[in-house]
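Before any comments, here is the structure.
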Amino acid sequence: MSEQTAPTGATTVLVIAKDPVPGRVKTRLTPPFSPAEAAELAAAALEDTLRTVLTLPALRRVLVLEGRPGPWMPQGFDVQPQSEGTLDRRIAAAFGTCTGPALLIGMDTPQITPALLAPALSPGGWDGCDAWFGPAEDGGFWALGLAEPDPGLVRGVPMSLPGTGGIQRARLTGAGLTVRDLPPLRDVDTADDALRVAADAPHGRFATVLSRLGRAVVR
């Protein structure tokens with residue numbers, strides 16, 4: 001699908017991701033996977049995510065990338081380098097480049113579907129709503145949407161902790177925002193996560209790659 005034929009909408013969709021380089025991504029998958037295999041799974045997850053985002057109604061589609069685009073990169077995205085600093089600052093900086101509603105997701109949930117994100121991206125998705133929040137099963141969050149992207153709503157939130165999602169959501173409500181929730185999803189962090197996510201999206205590239213590497217799960 002080209003950028004010209006991708007569906008349009010009122011919201012900028014941001015995908016924050018790392019270039020899937022062995023030894024730098026999905027390190028909790030090793031073991032049982034090798035660093036190269038973990039990177040291959042990360043690339044597949046990112047490819048599935050980006051291809052789904054191309055089917056979503058959006059004003060712009062932006063890949064906020066640490067590293068360089070690779071063969072997993074489809075057409076139809078603007079590429080924006082991640083800022084320096086901790087993850088909260090990088091997310092905050094990504095929102096700071098947006099005007100109007102913006103929805104940010106990561107590369108760890110290749111099981112996302114258009115139906116899953118439809119409530120936030122529908123024509124009335126922002127009516128009476130200031131923020132959308134997608135909780136992750138590990139206590140973090142997989143999606144964050146802001147009607148008015150204020151970096152201060154994210155900056156300073158401690159990331160990668162069991163309570164990160166609760167802290168972030170409380171930051172939103174504490175600012176007086178009306179928050180609506182998307183369904184909880186499992187991030188791909190461990191081999192068990194990978195198996196469960198692949199089962200939820202059995203026809204995606206992530207599931208295909210995991211199946212091909214299946215013997216690594218039991219090494």
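Put D78, D193 in order of accessible area, highest first, and with a 1.4 Å probe you get D78, D193. Only protein atoms count toward the accessible area here, which uses a 1.4 Å probe; on region 80-219, the carbon and sulfur part of that area reaches 55 percent. The candidates S34, S160, arranged from most to least accessible area with a 1.4 Å probe in the full protein assembly, appear as S160, S34. In this label model, T97 and M159 are separated by 1.4 nm, measuring between points 7 Å along each Cα→Cβ vector. Spatial offset of region 51-120 relative to region 166-219 amounts to 16 Å, using the alpha carbon center of each. Evaluated with a Cβ-only charge set (Lys, Arg +1; Asp, Glu -1), region 108-166 carries a dipole of roughly 60 debye about its Cα centre, given to the nearest 20. Taking the DSSP beta bridges with both ends in the chain, the antiparallel portion is around 30 percent.
Sorting E148, E40 by accessible area puts them as E148, E40; the probe is 1.4 Å, largest comes first, and only protein heavy atoms count. Against the longest principal axis of the chain, how steep is helix 164-174, in degrees 0 to 90 to the nearest 10, with axes from Cα atoms? So the helix axis and the longest Cα principal axis differ by about 10 degrees.
The gain in end-to-end length when the A118 to T190 segment is fully stretched comes to 23.1 nm, 0.36 nm per residue minus the alpha carbon separation.
Label zone (I167, point 7 Å along Cα-to-C-beta; backbone nitrogen cut-off 19 Å) within region 105-130: 106.
Using a simple spin-label model with pseudo-atoms 7 Å out from Cα toward Cβ, D150 and L87 lie 2.4 nm apart. Taking each residue as 0.36 nm, the span from Q80 to R68 lengthens on full extension beyond its C-alpha to C-alpha distance by 3.3 nm.
Expressed to the nearest 5 percent, the antiparallel share of DSSP beta bridges inside region 129-219 is 55 percent.
Residues of region 132-162 falling in the label zone of R28, defined by backbone nitrogen less than 13 Å from a point 7 Å along Cα to beta-carbon, are 136-142, 159-162. Summing +1 for each Lys or Arg and -1 for each Asp or Glu among the other residues whose beta-carbon sits under 11 angstrom from that of E66 gives +2.
Model label sites at D181 and T55, defined 7 Å from Cα along the beta-carbon direction, differ in position by 2.6 nm. Once mean projected area of the Cα convex hull in nm² is calculated for the structure shown, the corresponding label among (1) 11.0; (2) 15.0; (3) 13.3 turns out to be (1).
The figure for D187 is an accessible area of roughly 20 square angstrom, using a 1.4 Å probe on the protein chains alone.
The values are calculated or read from the model by the stated rules, or taken from the named source; none is laboratory data. On a predicted model such as this, the values are computed, not experimentally measured, just so you know. Note that each Cβ is placed from the backbone with ideal geometry, even for glycine, and that neighbours are counted across all protein chains shown. The protein model used for the area step is the full one, side chains on, heavy atoms only, and it has no ligands, DNA or RNA in it. Shrake-Rupley method; radii C 1.70, N 1.55, O 1.52, S 1.80 Å.
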